[in-house]
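Accompanying notes for the structure given below.
The values are calculated or read from the model by the stated rules, or taken from the named source; none is laboratory data. The structure presented is a predicted model; accordingly, all values stated were derived computationally and were not measured. Glycine also receives a Cβ, built like all others from the backbone with ideal geometry; neighbour counts cover every protein chain displayed. To get the accessible areas, we keep the full protein, side chains included, count just its heavy atoms, and leave off ligands, DNA and RNA. Shrake-Rupley method; radii C 1.70, N 1.55, O 1.52, S 1.80 Å.
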Amino acid sequence: MKLQKSFDIFKKAKLLFFIITLSFTLLPSSSPIASEDVSSMVYEAEEAQLSDLKVEKSLSGFSGSGYVTGFTNDTGSVTFTVEVPSTAVYKLTVGYAAPYGYKKANLLLNGAGQGEVELTEVSGFTEASAGSILLNEGSNTITLEKGWGWYIIDYIKIVPTENPEQHQVAKELINPHATKEAVSLLSFLVDHYGKNILSGQQVYPNDNLIDVQFIHQQTGKKPAVLGLDFIDNSPSRVERGTSADEVKVAIDWWNNEGGIVAFTWHWNAPKDLIDQPGKEWWRGFYSDSTTFDLQYALNNPDSEDYQLLIRDIDAISAELKKLQDANVPVLWRPLHEAEGGWFWWGAKGPEPVKELWKIMYDRMTNHHKLNNLIWVWNSVSPEWYPGHEYVDIVSYDSYPGNYNYAPISNYFERLVELVDNKKLVAMAENGPIPDPDLLPLYHANWSWFSTWNGSVLKDQNTIDHLKKVYNHDYVLTLDELPNLKTYLSDSIPTQFQQIDDTINRFSADGQLDKPIASQLTNSLRQAEKHFQKGQFKQATKKLEDLQKSLENPGQQKNIGPDAKRLLKVNANVLMLSLKE
């Protein structure tokens, strides 16, 4: 079975690289400086190969004998040569200064693109994580170049990787009234997190799934996740004649194809569309094509502007309600790419869009009673994050450049840190699809990818790459999905095993004292025996006993918070499964 095979490959890869990194010794080729951490090495930029750059010393706080500056949007590169004794994955950190605002530098490894490094504005020198890199035995080059320009590079630091902490993602949605279909979908995603990546494809409204057909023609496969857009359901577009019935497409994909549905919303501004050449009304989701002021609307809840926000949310809620009525769960990703500022909802900074997200969540969940939504946030920076209680999944949109199949591990790691390793992380949009050979090696455990439509799919991915991805053991395609409608009941034996494994794991690492672990295991064993006899009510009663043990006031000092959270949630999901 392909899922088991991919898991075996994943485990072997982890073991191989754990052994390699344990035995790793860094052999520098250009006189690196040992840092305070004896396992890391620092390479000074002023000693590297420079192109269209110069060495300066005027700013205080730099490392070594200087730093390099002169990067523009089009010119400037610094190339470090690093020699290592064996092929392995390493953490890369960049020492930099960005006194002129937020910047990005292009990262290349041995001449091939590896995405970007974000350089946050600072007054002095600091460090930025560039994620993981796979260095080959012998000589390697690491290049930082141009990008958004006008930044300063001081050094790079390389550290052998360690096995990352095990994900602590619970099968729990922020909406306590979530439908069983939504819980089932989340459970499936959690079960495969770090074991597989789900394939996905975004499609244009009213295009008859042309891109899905193209993928099928080229690879013999279809994506597991279908990305749709409520763009033409925005009231300010409907007023100008647009129409779309993406809900019908979504219902067919879930019911007849057995696939997963994801929706975004390129929300045309409710009013104040500029509608001039280059800033036409249909570009009204862009900041440069509307004068709609979100901050004003939120500051004036009695204003027409605020009421139009609610009108628009209600219009999309009506579409989502049709999906709930059809028992279709939705990976729901509104207000995407907010921190970029190019969409009007992010143009006024983080606070207004976070407030709007909370308003939308409250309106859709509590007013419209939409319980089929899995809420997917789509920004990386902590300043933009609305909070754990408002987000189910976090995500990033990856466009590193044509044919750049890097795993984009730096953004994955930042998102894991953002959610304390307790929520799923997805690549909600992408141009080039990350190389599935590299993803498990980099521990870049994206839950799914979703390639953007039209020319992006075809111009940023070769046909050979598409064939490789869609036929790879690590990638799940539409034909490999289980029946998600019955996934909870079908996976009951696996759920018992998962809870048992969780008890054993937390007992081994000290989060569960042995007496309470034994008590929990006993309740679990009795529940499993009742289930095997078809006695579902009795099994549920024993699982309730397990939960009571977790809540026992006298036992709280013997139970770690992560152990309590995961075991309670997993027991809840198992009890829900037993009711099916």
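A few notes on this one:
- Rg and Dmax of the stretch 64-218, based on Cα coordinates, read 21.1, 61 Å.
- Accessible surface of the chain [probe 1.4 Å, protein heavy atoms]: carbon and sulfur percent: 49
- Amide H contacts under 5 Å for TRP265, placed H, 5+ residues apart: PHE230, LEU335, HIS336
- Leading residue at positive end of dipole, the stretch 174-252 (Cβ point charges), from HIS192, VAL247, ILE231: HIS192
- Alpha carbon centroid spacing (whole Å) that separates the stretch 326-353 from the stretch 510-542: 42
- Estimated translational D of the stretch 439-510 in µm²/s (Stokes, Kirkwood radius over Cα pairs; 37 °C; 0.692 mPa s): 206
- By the rule of a C-alpha distance below 19 Å, with chain neighbours fewer than 8 residues away ignored, the lysines paired with LYS354 are LYS423.
- Shown in residue order for the stretch 407-412 are the 3J(HN,Hα) couplings computed by the Karplus curve 6.51 cos²θ - 1.76 cosθ + 1.60 at θ = phi - 60°: x, 6, 5, 5, 6, 4 Hz (x for Gly and Pro).
- Per-residue ³J(HN,Hα) for the stretch 221-234, Karplus 6.51 cos²θ - 1.76 cosθ + 1.60, θ = phi - 60°, Hz, x for Gly and Pro: 10, 10, x, 6, 10, 9, x, 10, 9, 8, 3, 7, 9, 4
- Just so you know, the averaged projected area of the alpha carbon convex hull for the stretch 264-306 sits at 3.2 nm².
- Residue-level accessible surface for ARG240, protein heavy atoms, 1.4 Å, Å²: 110
- Diffusion coefficient, µm² s⁻¹, Stokes-Einstein with Kirkwood Rh over alpha-carbon pairs of the stretch 344-428 at 25 °C and 0.890 mPa s: 175
- Alpha-carbon centroids, the stretch 216-291 and the stretch 407-471: separation in whole Å: 22
- In this structure the amide hydrogen of LEU119, modeled in the peptide plane, comes within under 5 Å of the amide hydrogens of LYS103, LYS104, ALA105, none closer than 5 places in sequence on its chain.
- Restraint check, LYS195/LYS537; LYS222/LYS529; LYS321/LYS485; LYS91/LYS568, Cα-Cα greater than 30 Å: LYS195/LYS537; LYS222/LYS529; LYS91/LYS568
- Considering the stretch 259-406, its Cα convex hull presents a mean projected area of 10.4 nm².
- On the basis of the beta-carbon distance and an R0 of 30 Å, HIS367 and GLN556 show a calculated FRET efficiency of 0.20.
- Rounded to two decimals, the Cα radius of gyration of the stretch 183-253 over 2.2 N^0.38 Å is 1.36.
- Rolling a 1.4 Å probe over the protein chains gives MET41 an accessible area of about 30 Å².
- Distance from the Cα centroid of the stretch 54-115 to that of the stretch 150-198 is 28 Å (rounded to whole angstrom).
- Cross-link reach list, aspartates and glutamates versus LYS468, counting only Cα pairs under 20 Å and skipping chain neighbours closer than eight places: ASP8, ASP211, GLU429, ASP435, ASP437, ASP459, ASP479, GLU480
- Quotient of C-alpha Rg and 2.2 N^0.38 Å, computed over the chain: 1.02
- Per the Kirkwood formula applied to alpha carbons, the stretch 405-470 shows a radius of gyration over Rh ratio, Rg over Rh, of 1.00.
- Per residue, the chain exposes an accessible area of 41 Å² to a 1.4 Å probe, with every protein chain left in place.
- Partners for LYS146 among lysines (Cα-Cα distance below 19 Å; same-chain residues under 8 apart left out): LYS54, LYS103, LYS104
- The chain, helix-only ellipticity at 222 nm - DSSP H runs n ≥ 4, -39,500 (n - 2.57), divided by all residues, nearest 500: -10500 deg cm²/dmol
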